[in-house]
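Reviewing the structure listed below.
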Amino acid sequence: MMKLGILGASGRMGQAVIANASRLNATVTAAVVSDQSSRYGEPIYPNAAEAGVRFQHAGEVKPEQVDVFIDFSLPQALENNIALAKRLRVPLVVCTTGLSEQQHSLLAQAGQSMPILYAANTSVGITLLRQLVQLTAAALPDTDIEIFEAHHSAKRDAPSGTAVVLGESAAAGRGKRLSELSAGVRGDGVREPGSIGFSVVRAADIIGEHTVLFAHPGERIELTHRVSNRQIFARGAVQAAEWLKDQPSGLYSMADMLQLKTLLKQLI
Ligand SMILES: NC(=O)C1=CN([C@@H]2O[C@H](COP(=O)(O)OP(=O)(O)OC[C@H]3O[C@@H](n4cnc5c(N)ncnc54)[C@H](OP(=O)(O)O)[C@@H]3O)[C@@H](O)[C@H]2O)C=CC1
Ligand SMILES: O=C(O)C1=N[C@H](C(=O)O)C[C@H](O)C1
């Protein structure tokens with residue numbers, strides 16, 4: 001059974017991975033929390049007999065304890081999380097969103113000396129949707145594109161990491177970078193034709209919804225993905241970890257893990 005180390009273990013997603021690991025053929029052997037965490041020292045399964053694992057600090061994790069780390073923490077923890085995985089020579093799946101350009105460079109740099117996979121969204125559905133968005137943006141080069149996203153009220157970053165990567169896929173379909181086509185989070189003002197805008201909702205307990213709208217005068221296409229259970233993200237992250245632990249150094253994506261490009265080439 002794969003031994004998992006969870007970074008950000010006390011959070012919503014950390015807890016979702018812990019709750020689902022055993023049915024995904026994995027066991028959580030390290031549950032890392034921040035130095036300020038109120039959960040430090042608590043057992044990760046408070047009511048179960050198997051309560052051997054306790055929330056611990058990064059400095060206490062031993063190399064033999066973990067096969068792969070999964071990071072569902074916050075951007076400010078990224079540098080330390082990469083340093084921990086490097087020090088212990090353990091592959092790292094990073095699922096944290098809201099990363100800066102500089103933090104994306106850290107991921108690329110880390111990929112030169114260790115296996116690392118970055119996914120703003122670990123669901124299989126979003127990985128496939130990115131391909132559909134790229135194809136649609138290429139096939140309909142003049143449409144205005146708007147990316148709607150809705151999440152729970154405690155989410156810190158906006159637009160979501162998924163909205164940003166969907167925007168990157170749309171821009172790639174038009175042979176451009178997102179920075180060249182982005183209209184940002186839309187407010188007042190006239191729209192630049194063919195631009196990519198973002199609309200953000202934060203409310204209650206919405207887990208994660210994304211719609212990419214392609215609009216021509218008189219005609220619209222909408223591609224939508226909705227998640228109603230965090231188990232979807234947990235399952236994708238554990239699947240990515242299982243795959244990553246056998247890879248050489250490099251920076252990988254969910255599409256690499258699912259071998260999606262090979263599959264699509266066979267289909268199209
Ligand atoms: N890729 C994907 O599919 C998904 C990605 N996400 C992303 O995952 C991240 C976590 O989401 P979620 O679980 O909802 O967020 P939470 O706020 O619930 O959890 C984040 C946890 O990180 C810990 N933390 C805070 N600061 C640090 C630090 N400096 N070092 C280490 N740990 C720290 C906190 O706990 P403590 O202080 O106790 O350690 C906190 O519980 C977000 O960026 C979110 O956008 C979310 C869902 C799916
Ligand atoms: O914070 C969340 O909850 C989510 N974050 C990710 C993002 O920013 O795209 C993925 C998912 O939609 C849930």
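If you rank THR143, THR122 by fewest surrounding Cβ atoms within 10 Å, what's the result?
Taking fewest neighbouring Cβ atoms as first place, the list is THR143, THR122.
To make sure I understand, if each residue's beta carbon is the centre and we count other beta carbons within 10 Å, what order do THR224, THR97 fall in, fewest to most?
Neighbour counts put them in this order, fewest first: THR224, THR97.
Would you calculate, for the chain, the mean residue ellipticity at 222 nm contributed by helices, counting each DSSP H stretch of 4 or more residues as -39,500 (n - 2.57) and dividing by all residues, to the nearest 500?
Roughly -9500 deg cm²/dmol at 222 nm, from the helical runs in the chain.
Using the count of nearby Cβ atoms within 10 Å as a rough guide to exposure, how do PHE55, PHE69 rank from fewest to most?
Listed from fewest to most nearby Cβ atoms, that is PHE55, PHE69.
Can you tally the net charge around GLY11? Count Lys and Arg as +1, Asp and Glu as -1, for every other residue whose Cβ sits under 13 Å from the Cβ of GLY11.
With Lys, Arg at +1 and Asp, Glu at -1, the neighbours total +4.
With a cut-off of 8 Å between alpha carbons and a minimum separation of six or more residues, what is the relative contact order of the chain in percent?
Across the chain, relative contact order equals 21 percent.
Let me check I've understood the local charge: for GLU168, count other residues with C-beta under 12 angstrom from its C-beta, Lys and Arg +1, Asp and Glu -1. What total comes out?
Value of the local net charge: +3.
Each reported figure results from applying straightforward, stated rules to the coordinates on display, with no laboratory input. Nothing here was measured: the structure is a model prediction, and the numbers come from that model. As a convention, Cβ positions derive from the backbone with ideal geometry for all residues, glycine included, and neighbour counts pool all protein chains shown.
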